[in-house]
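Visitor: The structure follows.
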Amino acid sequence: MANRLAGETSPYLRQHADNPVDWYPWGAEALERARRESKPILLSVGYAACHWCHVMAHESFEDTETARVMNELFVNVKVDREERPDIDSVYMQAVQSMTGQGGWPMTVFLTPEGEPFYAGTYFPPVDRYGMPSFRRVLASVADAYVTKQDRVARTAAAVREIYAAAAAPALANGTLSTRTLERAYRGLASRFDEQNGGFDVGAGPKFPQAMALDFALRYWMRTGTEHALHMVRRSFQAMARGGVYDQVGGGFHRYSVDSAWLVPHFEKMLYDNALLARLGVHLWQATQDVAVRRVTEETLDWVRREMTAPAGGFYSTLDADSEGHEGRFYVWTESELDAALGPDSALVKAYYNVTPQGNFEGRSILFVPAEASVVARRANITEAALMATIARAKRTLAAVRDGRVRPARDEKILAAWNGLMVRAVAEAAQAFDRPDYRELAVTAGEFLQRELVNSHGRVMRSHTQGVTRIPGYLDDHASVGLADVALYELTGEAVWLDRAQKIADAIDEWFWDESAHAYFDTARDADPLIARPRDVTDNAVPSGTSLAADLMLSLSHYAHDDARRARGIWILTTMAEPIAEYPTAFGNLLGVADRAVHGAVAEFVCRDGVCEVPVTAAD
């Protein structure tokens, strides 16, 4: 019998609708029951494409005995982190402070008032990996809640202090200048993996860091520092030739579990591909590298083919798993290649380094370890002949793969992620002179305006199967606003700029807090949580704060609006020291800072949350 999640729009929540767990979606009903029955809340947060979320669901949430314990001892709440990034952000702070790490599935135990007192991520069904079994955790936490109330209260109080510190007013922090950008670049260069590209030499996992690479490309453009360009070219090339890139169908997987980009975590996320495609456009503009353009266009073609809704807008994710195995859709045995490719098989296997033993659970992830010229020389053919064979093989393999069980697709259309992709497609349309990309970008932009933006510039978060729901967050507003600016730049049609201006007005009205001198991630009329989230770091996606600063500076350029520019400069001034000290955590904000610095920041004086153009004697 289906539980309460059956009525939700989120594909992730609906995946759990048939669990024997008595799940609630986040809301007043669950919180009121917890208070009424004096029960702790078990909050489980994940997303549809998450491999370990599926593992824990199969091992624990589908197990009747585990579900019985959960139902008896807790009020159980399931949240899709992609629909509710505010809840995810607030409680991820608690997980990281309690455990020193984060991730999904996220498992947090709360008091009936919503205060966290114990937390973790994945828990196995039996004791293993040095972790206690989930049932043992359930019993221990429930017992502690009843018998060790003083300890629970102390933990909740400590977490409240963390939230209070995060809500402190923003202050000017250092000087925003070319020196800031130089320090940030040197920090990136010190972490560059010369052998494999990307940042952080080590065993993995390794994430694309597209935003930091885009800043490095800007730094090269401004300064002529050749090593900055080398970092970007090497990293993009290594990812594009690795298993983290889908060599057959195009598009990038989420990240690599090793340092060499070979074995990916096979889920595909819309936002990663938006950020990497935009980086590819910029890198091609800098280098005219045909391989960079090919990979960028293959990525956008995959988005158009597999991730675009019929009415416009882009779907969110493809699952890592199919047929119960991670990556099964994407990997090959030697015999499968032989059967599909016939006489071309030997050359294709040499190009993709396919061996009888494989490189992933007895199968092969396709990757390109050597330059095409090297493979061609070894095969005693021309490079052009080799690449013609590879192109023919990719078409054949794509057709074979279409007959496999496909990974599940999360068909939520999220405003923030769509804004990122519209911006990437619009820039690609202009750079590559692709009318089809122009049509794709405009159609998606019109969809967002029609389905997710109201007449006052307020943006909604999610649209699924005709239903639009959840008031949008700061990143939703700013990302759609930036997409509108990109569409104005692409089409020259003033309506797009007007739409961006209206969204920016809504951002200032609903997300700016005068006492904090900062934007918050949730609007002032949002349902209250135990803390109002304000995460300024650029993680897998740009922060709402960095996107808002970008939008304000972009609009100030076109509208000659000193007030918007001053707001953007103030945000950057509050972050000047952190972005120089921790550049990989602020990749998008660094790109915004680059534009601001080279746009004469000195004309503004910032203090107490206000930036002004100083009055001079000449005035």
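Visitor: Looking at MET239, MET269, MET211 in this structure, which one is free of Cβ contacts under 8 Å to residues at least 60 places away in the same chain, of a type outside the set (Val, Ile, Thr) and closer than 29 Å to ALA428 by Cα? Before you say what the answer is, go through the steps one by one.
Guide: Working: MET269 fails: free of Cβ contacts under 8 Å to residues at least 60 places away in the same chain; MET211 fails: free of Cβ contacts under 8 Å to residues at least 60 places away in the same chain.
The match here is MET239.
Visitor: Which numbered condition in (1) at pLDDT 95 or above; (2) over 24 Å from ARG183 (Cβ atoms) is the only one that ASP561 fails?
Guide: Here ASP561 clears every test but (1).
Visitor: Filtering region 153-178 down to residues that are in a helix (DSSP H, G or I) and in contact with a Ser or Thr (Cβ under 7 Å, 6 or more places away or on another chain), which residue is nearest to GLY114 (Cα to Cα)? Before the answer, list the steps.
Guide: At the first step, the residues of region 153-178 found to be in a helix (DSSP H, G or I) are 153-166, 178.
Filter once more, so that each one left must be in contact with a Ser or Thr (Cβ under 7 Å, 6 or more places away or on another chain): 156, 159, 162.
Working: ALA156: 10, VAL159: 11, ILE162: 15 Å.
Looking at the filtered set, the residue picked out is ALA156.
Visitor: Please determine, by comparing only the residues of region 487-514 that are among the charged types (D, E, K, R) and farther than 15 Å from LEU555 by Cα, which one is surrounded by the most Cβ atoms within 10 Å (Cβ to Cβ). Before the answer, list the steps.
Guide: To start, the set of residues in region 487-514 that are among the charged types (D, E, K, R) comprises 489, 493, 498-499, 502, 505, 508-509, 513-514.
Retained after the next criterion (residues that are farther than 15 Å from LEU555 by Cα): 509, 513-514.
On the way: GLU509: 13, ASP513: 16, GLU514: 9.
Within region 487-514, the match that is surrounded by the most Cβ atoms within 10 Å (Cβ to Cβ) is ASP513.
Visitor: Kindly list the number of the only condition in (1) touching a strand residue (DSSP E or B) at 6+ places or on another chain (Cβ under 7 Å); (2) surrounded by 18 or more Cβ atoms within 10 Å (Cβ to Cβ); (3) touching a residue at least 60 places away in the same chain (Cβ under 8 Å); (4) closer than 28 Å to SER256 by Cα that fails for PHE192.
Guide: So PHE192 meets the others, but not (3).
Visitor: OK, next. In region 243-260, how many residues are under 18 Å from the mean Cα position of the chain (by Cα) and either outside any loop (DSSP other than H, G, I, E, B) or over 18 Å from ALA274 (Cα atoms) (or both)?
Guide: Here the count works out to 5.
Visitor: Can you report the number of residues in region 128-152 which are over 19 Å from VAL75 (Cβ atoms) and surrounded by 13 or more Cβ atoms within 10 Å (Cβ to Cβ)?
Guide: Selection size over region 128-152: 6.
Visitor: (1) surrounded by 20 or more Cβ atoms within 10 Å (Cβ to Cβ); (2) closer than 22 Å to LEU31 by Cβ: which one isn't true of GLU113, the others all being true?
Guide: Against the list (1) surrounded by 20 or more Cβ atoms within 10 Å (Cβ to Cβ); (2) closer than 22 Å to LEU31 by Cβ, GLU113 comes up short only on (1).
Visitor: Considering each of ILE530, ILE503 in turn, give the residue that is in the same structural domain as GLU427 (by TED's automatic domain parsing), aliphatic (A, V, I, L, M) and either farther than 14 Å from SER89 by Cβ or touching a residue at least 40 places away in the same chain (Cβ under 8 Å) (or both).
Guide: On the way: ILE530 fails: in the same structural domain as GLU427 (by TED's automatic domain parsing).
Only one candidate qualifies: ILE503.
Visitor: Evaluate the following for ASP86: is it closer than 20 Å to LEU5 by Cα and buried (at least 24 other Cβ atoms within 10 Å of the Cβ)?
Guide: Values: closer than 20 Å to LEU5 by Cα: yes; buried (at least 24 other Cβ atoms within 10 Å of the Cβ): yes.
Taking the combined requirement at face value, the residue satisfies it.
Visitor: Restricting attention to region 305-337, and to residues there that are hydrophobic (A, V, I, L, M, F, W, C) and part of a strand (DSSP E or B), which single residue is farthest from VAL354 (Cα to Cα)?
Guide: Residues of region 305-337 that are hydrophobic (A, V, I, L, M, F, W, C), as a first pass: 307, 309, 311, 314, 318, 320, 329, 331-332, 337.
Remaining after also requiring part of a strand (DSSP E or B): 314, 318, 332.
Values: PHE314: 33, LEU318: 25, TRP332: 9 Å.
In this case the residue turns out to be PHE314.
Visitor: If you don't mind, there's one more thing I want to ask. What are the pairs, 6+ residues apart or on separate chains, where a residue within region 125-153 that is in contact (Cβ under 8 Å) with a residue 60 or more places away in the chain has its Cβ under 7 Å from a residue that is assigned to a helix (DSSP H, G or I) and hydrophobic (A, V, I, L, M, F, W, C)?
Guide: Between residues of region 125-153 that are in contact (Cβ under 8 Å) with a residue 60 or more places away in the chain and residues that are assigned to a helix (DSSP H, G or I) and hydrophobic (A, V, I, L, M, F, W, C), the close pairs are PRO125/PHE134; ARG135/VAL69; LEU138/VAL69; LEU138/MET70; LEU138/LEU73; ALA142/LEU73; TYR145/VAL152.
Visitor: For the structure I just gave you, tell me whether ALA429 is among the hydrophobic types (A, V, I, L, M, F, W, C), touching a Phe, Trp or Tyr at 6+ places or on another chain (Cβ under 8 Å) and farther than 27 Å from ALA172 by Cα. Break it down stepwise before answering.
Guide: Numbers: among the hydrophobic types (A, V, I, L, M, F, W, C): yes; touching a Phe, Trp or Tyr at 6+ places or on another chain (Cβ under 8 Å): yes; farther than 27 Å from ALA172 by Cα: yes.
Against the criterion (among the hydrophobic types (A, V, I, L, M, F, W, C), touching a Phe, Trp or Tyr at 6+ places or on another chain (Cβ under 8 Å) and farther than 27 Å from ALA172 by Cα), ALA429 qualifies.
Visitor: Could you tell me whether any residue of region 207-219 is among the acidic types (Asp, Glu), in contact with a Phe, Trp or Tyr (Cβ under 8 Å, 6 or more places away or on another chain) and either within 22 Å of ALA370 (Cα to Cα) or at pLDDT 95 or above (or both)? Before the answer, list the steps.
Guide: Let us first name the residues in region 207-219 that are among the acidic types (Asp, Glu), namely 214.
Then drop every residue that is not in contact with a Phe, Trp or Tyr (Cβ under 8 Å, 6 or more places away or on another chain), which leaves none.
No, region 207-219 contains no residue that is among the acidic types (Asp, Glu), in contact with a Phe, Trp or Tyr (Cβ under 8 Å, 6 or more places away or on another chain) and either within 22 Å of ALA370 (Cα to Cα) or at pLDDT 95 or above (or both).
Visitor: Still on this structure: Of these, VAL354, VAL368, VAL292, which one is closer than 25 Å to ASN196 by Cβ and touching a strand residue (DSSP E or B) at 6+ places or on another chain (Cβ under 8 Å)? Please lay out each step first, then the result.
Guide: Numbers: VAL368 fails: touching a strand residue (DSSP E or B) at 6+ places or on another chain (Cβ under 8 Å); VAL292 fails: touching a strand residue (DSSP E or B) at 6+ places or on another chain (Cβ under 8 Å).
From the options VAL354, VAL368, VAL292, the qualifying one is VAL354.
The values are calculated or read from the model by the stated rules, or taken from the named source; none is laboratory data. Keep in mind that what you see is a predicted model, and the values were worked out from it rather than measured. Backbone-built Cβ (ideal geometry, glycine too); neighbour counts: all protein chains shown.
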